[in-house]
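Below is one structure, written out as structure tokens; the observations come after it.
The values are calculated or read from the model by the stated rules, or taken from the named source; none is laboratory data. Predicted model only: the values in this text are computed from it and were never measured. Here Cβ is always computed from backbone atoms with ideal geometry, including for glycine, and neighbour counts include all displayed protein chains.
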Amino acid sequence: MTRPHRRRATAIALAAAAAAVAFVPFSAEAGQQAGLADSVTDTLLAERGPAVAAQRGVAALARHAVVEPRREASDWSFGAATIPGDAAVHAPDASLYVAHRVAGRWQVGVLGSDTFVALTRQAPDSVVSADEKGLFKQNHAAAGPGAAARSVETGLALPVNASSNVGWGGGPHANDGSGSLYSSLDFGGSGTEVRAAAAGKIYRACVDAGSNQTALILIVHANGYTTGYYHLNQRSNFPADGTSVDLGYSLGTAGTNTVCGGSANGAHVHFTLRSGDRNNLAFESVIGKTIGGWTFHTNGSNYDGYATHGNTKVQDGGTLYNYGRYTGNGPYAATVSSSNGANVRYNTNTSASSTMYTAPNGRALALSCKTTGSAVNNNTTWYRLTDTDYVAASLISTTATIPNC
């Protein structure tokens, strides 16, 4: 979402456009098992509805949710469930569900709840895979009282290209743009590549029936967080729900899509932080949290804040360098010194890792340490970047003394 006071001039046009596209029939809603949609809707609204209603400033929400089964067996269903936004301001609230029909009644659990973890463990592997069962259990446990999900360092990168600068157009704000739980940040502009903030399993919500595209993605992480990405122009050849993706996996580009409601004044990714516990996938405040090497702060109101990295302070509206999910040495300044650029990889073996992206000649990089790997220009030294990716030392110029990893 974007700052309300900056979008009033376009609110009517955006509302009209969103009203036309936000509630196109979704591809997975047809042919659902009897009573499933009602049961999932009622459970989602019971668990998430009060918090969403309070944030939207209403007493209660209408009895409506977008229920999208992804995998089903005779008495089991698993998929996405979303409280859609409206056509003016409010962003959607997406989640996952699992449901089991017993004696004609559906038992439903929503991601983040004890019921969800218990039901996923009981579900057939064809409905919830063994890998997913393990991840959901780990995500839930990691977000428990006193667990790592509450710590300052989130283990997340900024949701954009590693070791690069990105515009930070929207300071810390609530998912709906109002309220005091600042769980969201807005990054990028038109054409900005949006990437996974950490490794995890990927899920789509509000998939359009006609195009099989969505602007809303969730990634469930093992560290107790779930990250959300909205307004995307979805990439082509998008993987199936439940596919494991690495840190930096390309999700698409920043856009203005509002297929599940809400509004967008200019292309960006609406990035949200959630906890895998506490009030069933509750939004988690970004205030005091470190993401991409930056710790985020508020000046006391939605969209008004700043980020700090060491002694550097950047007000919203400025530019942030993506240091990745780094917590180690450095950073040590360096630049690419190759006319063909420098390929950035997941590891130091050129035959076993594909190129994540090519940093152009002159690009500033932040180094962490050095190690060895495949020879590039007869040099086996490699530098690890602060986001834990690697680049061949022969393509890099630095005056710093880089320690061994």
Would you check if there is a residue in the stretch 73-92 being part of a strand (DSSP E or B), of a type in the set (Ser, Thr, Tyr), under 30 Å from Asn265 (Cα atoms) and in contact with a helix residue (DSSP H, G or I) (Cβ under 7 Å, 6 or more places away or on another chain)? no
So Asp75, is it under 26 Å from Asp176 (Cα atoms), surrounded by fewer than 23 Cβ atoms within 10 Å (Cβ to Cβ), acidic (Asp, Glu) and in contact (Cβ under 8 Å) with a residue 24 or more places away in the chain: no
Which ones in the stretch 198-226 are closer than 14 Å to Gly255 by Cβ, within 13 Å of the chain's Cα centre (by Cα) and modelled with pLDDT under 90? Ala215
(1) part of a strand (DSSP E or B); (2) assigned by TED's automatic domain parsing to the domain that holds Trp294; (3) within 17 Å of His221 (Cβ to Cβ): which one isn't true of Leu96, the others all being true? (2)
Cβ-Cβ distance below 7 Å, separation of 6 or more or different chains: which pairs start in the stretch 342-360 with a residue that is under 15 Å from Asp246 (Cα atoms) and end on one that is among the acidic types (Asp, Glu)? Val344/Asp389; Arg345/Asp389; Tyr346/Asp246; Tyr346/Asp389; Met356/Asp389
If Val108 meets every condition in (1) in a strand (DSSP E or B); (2) closer than 29 Å to Gly255 by Cβ; (3) over 20 Å from the mean Cα position of the chain (by Cα); (4) among the hydrophobic types (A, V, I, L, M, F, W, C) apart from one, which number is that one? (2)
Any chance you could count how many residues in the stretch 154-167 are within 13 Å of Ser190 (Cα to Cα) and either within 10 Å of the chain's Cα centre (by Cα) or part of a loop (DSSP other than H, G, I, E, B) (or both)? 1
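Does the stretch 1-22 include one or more residues that are among the polar types (S, T, N, Q), in a loop (DSSP other than H, G, I, E, B) and modelled with pLDDT under 85?
Restricting attention to the stretch 1-22, the residues satisfying the condition of being among the polar types (S, T, N, Q) are 2, 10.
Those left that are additionally in a loop (DSSP other than H, G, I, E, B): 2.
Narrowing further to those that are modelled with pLDDT under 85: 2.
Checking the stretch 1-22: at least one residue is among the polar types (S, T, N, Q), in a loop (DSSP other than H, G, I, E, B) and modelled with pLDDT under 85.
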Selection from the stretch 359-379 of residues over 22 Å from His309 (Cβ atoms), surrounded by 15 or more Cβ atoms within 10 Å (Cβ to Cβ) and of a type in the set (Ser, Thr, Tyr) yields Thr371, Ser374
